[in-house]
Structure formats: C-alpha cells, structure tokens
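*Asks:* I have a structure I would like to understand better, so I am pasting it below and will then ask my questions one at a time.
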Amino acid sequence: MQTLPLTLVVMTHNEAATIARCLDSVPFAAEKLVVDCGSTDATCEIARAHGARVVHQDWLGFGPQRNFGTTQSAHDWILALDADEFLSPALAGEMAQALPGLMASDVAVGVLRRRTLYMGRPMRWYRPMVGEKLARLYHRGRARWRDVRVHESLEWRGRQVLFGAPFEHVNNPTLVHKGLKVLRYAELKARDWHQRGRAPRMWDCPLVFASTFIKDYLFRLACLDGWRGFIVAQTNAAYAVYKRMRYYEMCRNPDSVALAQTALARHRLDR
C-alpha cells in the first residue's frame, strides 16, 4: 500500500502485548511515532521492530501527552490511536483511498467509528461500544487536544468528515484491568476538579448512580447485550460515583492526595 504524508501517533506504557497489532494496522502512514512514558517491558523494542520511531516523555496527562506527540510528528496530518486499538482492513482501505483528496482540502478532522470487543467478543447493541464516533484523524494546524488529565478530546475549527468502516478497540482484558483503570481515571479526574476549585457534591451521588445506570442499561441498549450489558452499565455507574467520593475525600483530607499517589505508584497507576 502506498504511504501517505501522515503520522500515526500512539501513546504507550507497557503495551508489549498490543503495540505491534496497532502499528501494523496502518500500513499507509509514512511515519509511525510511539510516545512512551517509561515502559519496563518490551514495548519500545517491539515498536521499533515494527517501524516506529520511539520518543520518551514522562507522563503529562492524557491531553498534554497527546499534544506533545503532535509537536513531535513529522507531518501535519496525524492519526491518533491507543495501543489497544487498530484499524480494520476495511477502514485501512477506505482511509488510504480517501486521504489524498482529504489532505488537499480544508477539512480539519476525520471522525472514525469505534467498535469494541468486550469480554472476548464484540458488543452487539450497547451504543457506545458499537459505533462510537471519535475524532482521531486531524490536521495539527486546525485541531488541538484539550489540556486535561483524563477524558481528553479534540477541539477544532473547520469541516469534519465521517468514515464508514470501524476501527477496533479491545476493551479491558478483564474486570481486574477495568477496576485498576477506574482507580487511575478517577484520581486524575478528581485532581482536575481540585485544581479548578469545584465544590464537592456528595448529595447527588445516588442520583448520579441511578441516572448513569439507567442511561447505559436502557437508553444506550446495554440491556440487549445480556449480562455483559448489565456489567458495563453497573461499572460505569460505580465509576461516576467513586470519582465524586474520591474528590470529596481530597477536599476533606488534603493529605490523601499524596498518600493516594504513593499507593498508585506502587502499582504503576500514577500516570
């Protein structure tokens, strides 16, 4: 497949099991860039073996880390994937055909549909895991990642285009992985709230749990995916409440910020 003036950017930390599949799924990228924040496994060696240039950057937070990757890219057009994501052959073919014309236009971003594999197989009905739309292809002069620690998204000016075929996401391999990610993401979100001086609102926790569960289980159709759908709705609702409880603790006991960071560092979850 002919290469195009585009940089694939992947952020990594101990992704030896998935990085090769991710990199190999984008054969049309003239540059493949891995921004690593200190992997202790074979991530960097595998990435180089699969054609990537590896740059080290201590963890800055999701938004700033992605923006750092943007500055290190050799090309103006960038495709951002996570190590546990990869293009389907159908999407790789669609993008290779569409990109030359798109790059010559004034389009700012390309929006991709993400399909998620959960507990070993694709979800069939739960809407965020079937066809979630994410802006992942962008021109760095027209778009920028929000400078937040977690739940980053692109902000852009100009037109967008939507691709039809999906890219794949292998969601947390086990519920243990999900639980550890919840601890990490909740801590980052609580720190963002703390930095902005947001008032803690414990009174809304029961309402947040119920509304999040109902939204996912009923309105987003998780109920049609059986017990896997129930688990998704329950873990999302629990996360929504936990991060509020953790933020309340930060406000009541400021010493807990450093104590939690030390505890997370022991399990390498502080980044």
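*Asks:* Which order do TRP203, TRP193 fall in if you start with the one that has the fewest other Cβ atoms within 10 Å?
*Replies:* Details: TRP203 8, TRP193 17.
Neighbour counts put them in this order, fewest first: TRP203, TRP193.
*Asks:* Another one. Could you list PHE213, PHE219 so that the one with the fewest beta carbons within 10 Å of its beta carbon is first and the one with the most is last? Can you show the working numbers first?
*Replies:* On the way: PHE213 19, PHE219 10.
Starting with the residue having the fewest Cβ neighbours, the order is PHE219, PHE213.
*Asks:* What residues from region 228-242 fall in the zone where the backbone N is under 18 Å from a label point 7 Å along the Cα-to-C-beta line of PHE219?
*Replies:* Those under the cut-off are 230, 232-241.
*Asks:* So what's the net charge close to ILE78: Lys and Arg +1, Asp and Glu -1, counting the other residues with Cβ under 12 Å from its Cβ?
*Replies:* Details: positive: LYS32, ARG66, ARG136, ARG140, ARG142, ARG144; negative: GLU31, ASP76.
Taking every other residue near ILE78 into account, the sum is +4.
*Asks:* Here is a further query. Report the charge-dipole magnitude of the chain in Debye, nearest 20, computed about the Cα centre from +1 at each Lys and Arg Cβ and -1 at each Asp and Glu Cβ. List each step's numbers first, then the result.
*Replies:* Details: 38 positive and 26 negative charges, 168 e Å.
Computed charge dipole of the chain: roughly 800 debye.
*Asks:* Now, a different point. Please report the relative contact order for region 175-266, taking Cα pairs under 8 Å with a sequence separation of at least 6, and give it as a percent rounded to a whole number. Walk me through the numbers on the way to the answer.
*Replies:* Values: 66 pairs, mean separation 33.7, N = 92.
Relative contact order, region 175-266: 37 percent.
*Asks:* Please name which of PHE230, SER211, ALA190 has its Cα lying farthest along the dipole of region 175-266 towards the positive end, using unit charges on Cβ (Lys, Arg +1; Asp, Glu -1) and the Cα centre as origin.
*Replies:* Of the candidates, ALA190 comes out farthest on the positive side.
*Asks:* Do you know the relative contact order of the chain, to the nearest whole percent, from alpha carbon pairs under 8 angstrom that are 6+ apart?
*Replies:* Details: 498 pairs, mean separation 45.8, N = 271.
Reported as a whole number, the value is 17 percent.
*Asks:* In degrees, nearest 10, range 0 to 90: what is the angle between the Cα axis of helix 255-266 and the longest Cα principal axis of the chain?
*Replies:* 50
*Asks:* Follow-up. Name the residues of region 44-81 whose amide N is less than 15 Å from a point 7 angstrom out from the Cα of GLN261 along the C-beta direction?
*Replies:* Residues 59-61 fall inside that zone.
*Asks:* Follow-up. About the Cα centre of region 175-266, how large is the charge dipole given +1 on each Lys and Arg Cβ and -1 on each Asp and Glu Cβ? Please answer in debye to the nearest 20. Can you show the working numbers first?
*Replies:* Working: 16 positive and 7 negative charges, 37 e Å.
It comes to approximately 180 debye.
*Asks:* Taking the chain as the reference, fit the longest principal axis to its C-alpha atoms, fit the long axis of helix 175-196 to the helix C-alpha atoms, and give the angle between the two in degrees, 0 to 90, nearest 10.
*Replies:* Helix 175-196 and the main axis of the chain meet at about 80 degrees.
*Asks:* Taking other Cβ within 10 Å of each residue's Cβ, how do ILE19, ILE214, ILE231 sort, fewest first?
*Replies:* Values: ILE19 27, ILE214 13, ILE231 16.
Lowest count first: ILE214, ILE231, ILE19.
*Asks:* Charges on Cβ only, +1 for Lys and Arg, -1 for Asp and Glu, centred on the Cα centroid of the chain; of GLN261, ALA42, GLY93, which one is farthest towards the dipole's positive end?
*Replies:* Going by the Cα projections, it comes out as GLN261.
*Asks:* As I understand it, the value is the acute angle between the Cα axis of helix 62-72 and the longest principal axis of the Cα atoms of the chain; what does it come to in degrees, rounded to 10?
*Replies:* The angle comes out at about 20 degrees.
*Asks:* Ok, one more. With each label point set 7 Å from Cα along the Cα-Cβ vector, what nm distance links ARG140 and THR40?
*Replies:* Placing both labels 7 Å along Cα→Cβ, they lie 3.1 nm apart.
*Asks:* Rounded to the nearest 500 deg cm²/dmol, what is the calculated helix-only ellipticity per residue at 222 nm for the chain, with -39500 (n - 2.57) per DSSP H run of length n ≥ 4?
*Replies:* Values: 9 runs with 114 residues, N = 271.
Mean residue ellipticity, 222 nm, calculated: -13000 deg cm²/dmol.
*Asks:* Once you charge only the Cβ atoms, +1 for Lys and Arg and -1 for Asp and Glu, what is the size of the charge dipole of region 33-95 about its Cα centre, to the nearest 20 debye? Please list the in-between numbers first.
*Replies:* Details: 3 positive and 9 negative charges, 41 e Å.
For region 33-95, the charge dipole is close to 200 debye.
*Asks:* Which of the peptides 114-127, 237-250 is most tightly packed, and how do the rest follow, judged by the mean count of other Cβ atoms within 10 Å per residue? Walk me through the intermediate numbers first.
*Replies:* Values: 114-127: 15.6, 237-250: 18.5.
In descending order of packing, they fall as 237-250, 114-127.
*Asks:* Of the cross-linked pairs LYS133/LYS215; LYS32/LYS181; LYS32/LYS189, which ones have a Cα-Cα span greater than 20 Å in the structure shown?
*Replies:* Values: LYS133/LYS215 18 Å; LYS32/LYS181 26 Å; LYS32/LYS189 30 Å.
With Cα atoms farther than 20 Å apart: LYS32/LYS181; LYS32/LYS189.
*Asks:* With a point put 7 Å past each Cα toward its Cβ, work out how far ARG157 is from GLN234 in nm, to one decimal.
*Replies:* Distance between the two pseudo-spin positions: 4.8 nm.
*Asks:* Pull out the extension gain between HIS194 and ARG271, defined as 0.36 nm times the separation in residues minus the alpha carbon to alpha carbon distance; nm, one decimal. Kindly include the intermediate steps, with their values, before the conclusion.
*Replies:* Details: separation 77, 0.36 × 77 = 27.72 nm, distance 1.72 nm.
Once the chain is fully extended between HIS194 and ARG271, it gains 26.0 nm.
*Asks:* Here is a follow-up. For region 151-263, what number results from the quotient of the Cα radius of gyration and 2.2 N^0.38 Å? Working shown, then result.
*Replies:* Values: Rg = 16.9 Å, N = 113, 2.2 N^0.38 = 13.3 Å.
Normalised Cα radius of gyration, region 151-263: 1.27.
*Asks:* Ignoring solvent entirely, what values of log10 I(q)/I(0) come out of the Debye formula for region 4-170 at 0.15, 0.16 Å⁻¹ when each Cα is a single scatterer?
*Replies:* -0.80, -0.93
*Asks:* Considering only DSSP beta bridges where both residues belong to the chain, give the percentage that are antiparallel (nearest 5). Before the final figure, lay out the partial values.
*Replies:* On the way: 17 of 43 bridges.
Counting DSSP beta bridges with both partners in the chain, the antiparallel share is about 40 percent.
Readers should treat all values here as calculations from the given coordinates under stated rules, not as data from a laboratory. Here the structure is a predicted model, which means the values were calculated and not measured. As a convention, Cβ positions derive from the backbone with ideal geometry for all residues, glycine included, and neighbour counts pool all protein chains shown.
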